[in-house]
């Protein structure tokens, strides 16, 4: 029976309510997991300035949808080819005068641009990852799954010992590499279909249900 040694949470609508406010009830569970030696953190598409306030509560933060890891220090997870593609993405967005948000590396655009973006980025080096009302335009290798795998290598933890909790399309990659993927009532169908547990409640309420389930299982499955 595998033991959960590490948990990666998406942030928006997973550790928050539907208004994207962090649910402070989760601090109780964070403290409990620390007593058990369970490593836990956040895997998000958000930029650092949005998510950095959480660094005192968690062990790690993967941000910009897999470009960066914060674990004791900032660790870039991209290589020189990824960097080249990332700058090409930004240049094409600017050339087409699209109203998108640029992070240090990542770019996200409103979902209404999907058809336009599909025409612009129809090459083998980029991919479009929907996430609720936005789309990430990324180099092929950059995603939440590859990022969490890099962290597992650093920590010498196996995928079977990884639990992930998410709700959106950009969580699919990390669900595919986790031993225990868990989703919420508000999660997209694709995540529910590959989950080992689905809460019947949404947002942080659902995450609390998942953590209660794991407590009852002694963090084994």
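The values are calculated or read from the model by the stated rules, or taken from the named source; none is laboratory data. Every value quoted in this text rests on a predicted model; they were computed, and no experiment measured them. Ideal geometry is used to build each Cβ from the backbone, glycine not excepted, and the neighbour counts take in all protein chains shown.
Data overview
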| item | result |
| --- | --- |
| Where residue 126 falls short, out of the listed (1) assigned by TED's automatic domain parsing to the domain that holds residue 62; (2) buried (at least 18 other Cβ atoms within 10 Å of the Cβ) | (1) |
| Flag if residue 84 is touching a helix residue (DSSP H, G or I) at 6+ places or on another chain (Cβ under 8 Å), at negative phi and outside the structural domain of residue 165 (by TED's automatic domain parsing) | no |
| Qualifying residue in the range 90-100 (condition: in contact with a strand residue (DSSP E or B) (Cβ under 9 Å, 6 or more places away or on another chain) and modelled with pLDDT under 95) | yes |
